[in-house]
Amino acid sequence: MKVDVHAHCYPGPYVEELKKCGFGDRGAARTKLPQWTTLDERLERMDAHGIDVQILGVSYPNVYFPDPELSRNLAQMTNDFIADVCKKYPDRFLGLASIPLNHMPYAIDELNRAIDDLGMDGVLLGSNVNKRSIGERRFLPFFDEINKRQIPLVLHPMTPPEEESTPEEFISLGIPNSVGFVYETTKVMVQMAFRGTFEEYPNLTFVLPHAGGTIPFVYPRWDIQHATRPESHPLRRLPHPPSHYLRRHYYDTALSYYPSSLRCTLDFVGAGHVLLGTDDPFSGDDRIRDTIQGIEDYGFSEEEKDKIYYKNAAKVFPALEAKKNQ
């Protein structure tokens, strides 16, 4: 059984609403948002690659806009759409809720509606909300609720705030997408680890895209900082080094299926915290095929591949176990 934890769904009404409010239909790095076409089209592609289940969510620009009412309406629109897809094909899809995090009362209300009324399976969060990192204290009431209810979280990078000062030449070359995205994921997870969010909320667990950005490669620097700062330094208040908290999370293979990327990730968290992710439909058939082939060719045992393809995801999303038995 293969479960793809990194698959996008952009409902047609959502894309049309973005156009109406002046955003257009371009996502990060000015790529066109791949509007959802039909269930048959998605199922056909999944079947062609042997993918049994996809976990669907909206990524950039998510529902983060300055107008709280617009954000709430977009969240309700996308959540209703994805929940309906999951109800029509309960054995093929799980759904991730979009949350209007720019207005905390709306955020909590929509979280409850999505999980309790729509039966969605988790939440997809962008790394920043209108350029404010989700690692900031203002978002702690939301994470407190997530922690209490042990709701799965999937992170996706947003356009870095620094892009405003990036020269047009580099934007047109795709530097924010190629470099900024991986550092957005890295940055927000380090912020939350360093400031003690993961110590305070032990049930807060993320699925991290693109093998966690640069976390598996850079984390030793952070442990060194923890060990060498004076006792009075805020970082020393943590009872464990940052790597302790970052190993809690799960790391997907989207755009990170090459041997060098897999090797770093496996050295850091082991096969028990790696998940299949394809970035469908941004990735296209070629990269979906290459992602799976990269896992097949790496040298994993059958037991390790079973973890990466299904068993690890079932730990994060308990509904998958029921689907396997259907």
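Computed from the coordinates by the stated procedures, all read-outs in this text should not be read as laboratory data. All values derive from a computational prediction rather than experimental measurement. Neighbour counts are summed over all protein chains in view; Cβ atoms, including those assigned to glycine, are modelled from backbone coordinates with ideal geometry.
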Query raised in the report: With labels modelled as points extended 7 Å from the Cα through the Cβ direction, what inter-label distance (nm, one decimal) is found for ASP267 paired with ASP116?
Result: 4.7 nm
Query - Formal net charge of residues neighbouring ARG149 (Cβ-Cβ distance under 13 Å; K, R +1; D, E -1) - result: -3
**Report entry** the range 174-243: GluC sites (Glu not before Pro) in DSSP coil with no more than 14 other Cβ atoms inside 10 Å
**Finding:** GLU231
Report summary line: Between ARG248 and GLN225, the two model label points (7 Å from Cα along the beta-carbon direction) sit apart by a distance in nm of 1.8 nm
Report summary line: For the range 115-214 the mean separation of alpha carbon contacts under 8 Å (6+ apart) over residue count, i.e. relative contact order in percent, is 35 percent
Report task. Please build a GNM for the chain, connecting alpha carbons under 10 Å apart, and tell me which residue among LEU140, LEU208, LEU275 fluctuates the most. Result -> LEU140
Report summary line: the chain: spread of alpha-carbon positions along the three principal axes, whole Å, largest first, is 58, 49, 45
Report summary line: What helix-only [θ] at 222 nm does the chain give? Using -39500 (n - 2.57) per DSSP H run of at least 4, over all residues, to the nearest 500, the answer is -12500 deg cm²/dmol
Query raised in the report: Per the Kirkwood formula on distinct C-alpha pairs, the Rh of the range 9-124 is how many angstrom?
Result: 14.6 Å
Requested in this report: Just name one of GLN150, HIS49, PRO209: the one whose Cα is farthest towards the positive end of the charge dipole of the chain (beta-carbon charges, Lys/Arg +1, Asp/Glu -1).
Outcome: GLN150
Query raised in the report: What dipole magnitude, in Debye to the nearest 20, does the chain give about its Cα centre under +1 on Lys/Arg Cβ and -1 on Asp/Glu Cβ?
Result: 860 debye
